[in-house]
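J.: Take this structure first; my questions come after.
The values are calculated or read from the model by the stated rules, or taken from the named source; none is laboratory data. Here the structure is a predicted model, which is why all the values come from computation and not from measurement. Cβ: placed from backbone, ideal geometry, glycine included. Neighbour counts: every protein chain shown.
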Amino acid sequence: MIFCLNANGNTQMVNRDRVDYGNQAVRQDQTGRWHTRQLTRERPTLEGSEALHYPTPPPASHPPQAARRTPTLRSQSPRRRTPRQVAAMKPREDIAAMLRDGATYRQIIAQLGVGQATIAATRKALSIPCPRPHRTQPPQHRRRRRRHRHRHHAPRRRHLQRNPPPAPRQRPAHLQHPPPAQHPRTRRPLPRPPRTPHPEQTLAHYSQPAPDGHTTWTGPTDSAGKPTIWNRHKALSAWRIAFHLHHGREPEGRVTVACDQPHCITGAHLTDRRIRQANHRADQAFEQIFGSPS
C-alpha cells in the first residue's frame, strides 16, 4: 500500500502494484511524496511520470478478515414469550423424564440447554411436582462439624470450671449506691426521682427567712430584678410558685408583693388579682361605713 496525497489534501491508500485497469494516476515528486488523482473526463490520460494504480488491493490479495458480529438491535432481538404462549407450548418428553427422576432446574438447563419457561410449562402440563434441591452437605457431615466445634471449645470450658474467674471487686461502702426503694406489697423497685429538682425544691434552696417574717431571695433574677427559677430550660416566676405553695391554688393574673420588701417571696405577702379585688371591695365598704379619712 502507498499513502498518497489526493487533490483535496487528504491521505488516500493506493495499491503499490501498477495495473492497466487502474483509475488512479499516481506520481512521486522530488521530495519522495506520492500524489494521486482520479482520471476524469477533462484529464483522461496519464501525464508526465504518472502510472496507473488501483485504490484498493485486488480481491485475490485481500487477507481473510474475521467475520464481524452484527450488533443486535432491540427491534431484532427475540421477543419474550407471553404466559399464554408458554402455556400453549408442547411438553417435551426428555424434560418430563428428567423431572420424574428428580432432576432440578439447573441440572436440566445444563444438560438440555432449555429455558426455565420451557421446563415450567412441561411440569405444569403433565402435573409433575416441583423438584426439591438436593442437599449439598449431608446431615452426618454437619453433625461431625458440630461435634468438632464442641471439642474445640471443650478445653476452654474445662479450664473455666477448674479455674473460675475472680469475683468482681466491691466498691467501698461510702461509694456504693443505695438499693432502690421497693413497694411494700409487690417488692418491686419504685421509680427513681427525677434528676432535675422540682421548682419547690429550688425555691426552698434559694429562700432565706428573716426574723421579721420576710423571706429574702438569693437566687437568680431576670432583667427586671424579679426572682426567677430555671427548670428544664424554662424561666418560672418564684413569686407564682411561692403563692401556689401558700394559698394552694394557681394565681390569677399578675402576682405582686404587698409588703415594703420589693423582693420578698413570703407566700402571705404576695397577692394576685382576686386578692387585690377583695381588698379593694373591703376598702370601699370601710369608707362607706366610717367615711374616707380626711
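J.: Considering each of PRO71, PRO57 in turn, give the residue that is under 49 Å from the mean Cα position of the chain (by Cα), more than 30 Å from PRO131 (Cβ to Cβ), at pLDDT below 85 and part of a loop (DSSP other than H, G, I, E, B).
T.: Values: PRO57 fails: under 49 Å from the mean Cα position of the chain (by Cα).
Only one candidate qualifies: PRO71.
J.: Something else: Assuming THR136 fulfils every condition listed in (1) among the polar types (S, T, N, Q); (2) at pLDDT 75 or above; (3) more than 22 Å from THR82 (Cα to Cα); (4) not in a helix (DSSP H, G or I) apart from one, which condition is it?
T.: Just one mismatch for THR136, condition (2).
J.: Can you find a residue in segment 268-283 that is more than 26 Å from PRO197 (Cβ to Cβ) and part of a strand (DSSP E or B)? Quick ask: steps written out before the conclusion?
T.: We begin by selecting, within segment 268-283, every residue more than 26 Å from PRO197 (Cβ to Cβ); these are 271, 273-283.
In the following step, the residues that additionally are part of a strand (DSSP E or B) were identified as 271.
Among the residues of segment 268-283, at least one is more than 26 Å from PRO197 (Cβ to Cβ) and part of a strand (DSSP E or B), which makes the answer yes.
J.: Shifting gears a bit: For segment 278-292, does any single residue satisfy the condition of being surrounded by 11 or more Cβ atoms within 10 Å (Cβ to Cβ) and touching a strand residue (DSSP E or B) at 6+ places or on another chain (Cβ under 7 Å)?
T.: No - not one qualifying residue is present in segment 278-292.
J.: Checking the conditions here, which among PRO91, PRO78, PRO83 is at pLDDT below 85 and either in contact with a His (Cβ under 9 Å, 6 or more places away or on another chain) or surrounded by 14 or more Cβ atoms within 10 Å (Cβ to Cβ) (or both)?
T.: On the way: PRO78 fails: either in contact with a His (Cβ under 9 Å, 6 or more places away or on another chain) or surrounded by 14 or more Cβ atoms within 10 Å (Cβ to Cβ) (or both); PRO83 fails: either in contact with a His (Cβ under 9 Å, 6 or more places away or on another chain) or surrounded by 14 or more Cβ atoms within 10 Å (Cβ to Cβ) (or both).
Being at pLDDT below 85 and either in contact with a His (Cβ under 9 Å, 6 or more places away or on another chain) or surrounded by 14 or more Cβ atoms within 10 Å (Cβ to Cβ) (or both) holds for just one of PRO91, PRO78, PRO83, which is PRO91.
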